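Every number here is computed from the coordinates shown, using simple stated rules; none is lab data. None of the values given here were measured: they were computed from a predicted structure. A quick note on method: Cβ atoms are made from the backbone with ideal geometry, for glycine too, and the neighbour counts reach across all protein chains shown.
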Amino acid sequence: MRSWMPALLLVALAGCASAPRSVEPASDPRSGAVGVRSIDKLMPSDDRMQLADNETFQMPLAEAANAVPVYPAELLAQRLAPQTVCLRVAIGADGRVMDSQPIDDAQAGCAIGSDPRFVEAARAAAAQWRFDPAFRCVYPGAKPDEQGCVTGKEEPVAVSLAFSFVFEQKDGKGAVRVGG
């Protein structure tokens, strides 16, 4: 295991107030949509960041231009049932994606048994993602009742977030749909 991975896992957040938007796949299993949702709330509480009484935390904010995966064209003719791929995405203190790894978690509906081309499509898209970095806001005294980090000091932190991607198709065509 890489030396920075345990640190990222310890910083991973599951119960933050501002969670990434959820995208539900279309009801028709052949819709051609790729949905994405965060599955971070499934992470055990020991792996979550602990904040002091004088600290707050801001989740990383995904840039609007972040692209979703593309359904692998060579798999369209197979008319496969919906495929779910889950990734743990390591986001550096600078907001760049440092790594992503598939997650095998039956509770989240994630199975690495998907065709590896779905996993690679998800990893290729995630590798290009950028975020406004996550940060811890440390106040000199008691935490004030304020929006943002006006009177505190922002300390950028690396985090690890988990995402679920649902690959589907409709009428032999793949499409990508993200919304919330």
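General remarks:
- Footprinting exposure proxy for ASP132, ASP104, ASP115, ASP145 (fewest neighbouring C-beta atoms within 10 Å first): ASP145, ASP104, ASP132, ASP115
- Residue-by-residue Karplus 3J(HN,Hα) for the stretch 78-85, coefficients 6.51, -1.76, 1.60, Hz, glycine and proline x: 7, 6, 6, 5, x, 10, 10, 10
- For the stretch 55-180, the residue among VAL97, PRO133, GLN58 whose Cα projects farthest onto the positive side of the dipole built from Cβ charges is VAL97.
- Label-point separation, GLN50 to ASP132 (7 Å along Cα→Cβ), nm: 3.0 nm
- Taking amide H atoms as placed 1.01 Å from N in the peptide plane, the amide H of CYS86 lies under 5 Å from those of ILE103, ALA111, PHE165, each 5 or more residues away in sequence or on another chain.
- Only Lys, Arg (+1) and Asp, Glu (-1) charged, at Cβ; the stretch 120-180 dipole about Cα centre in debye: 180 debye
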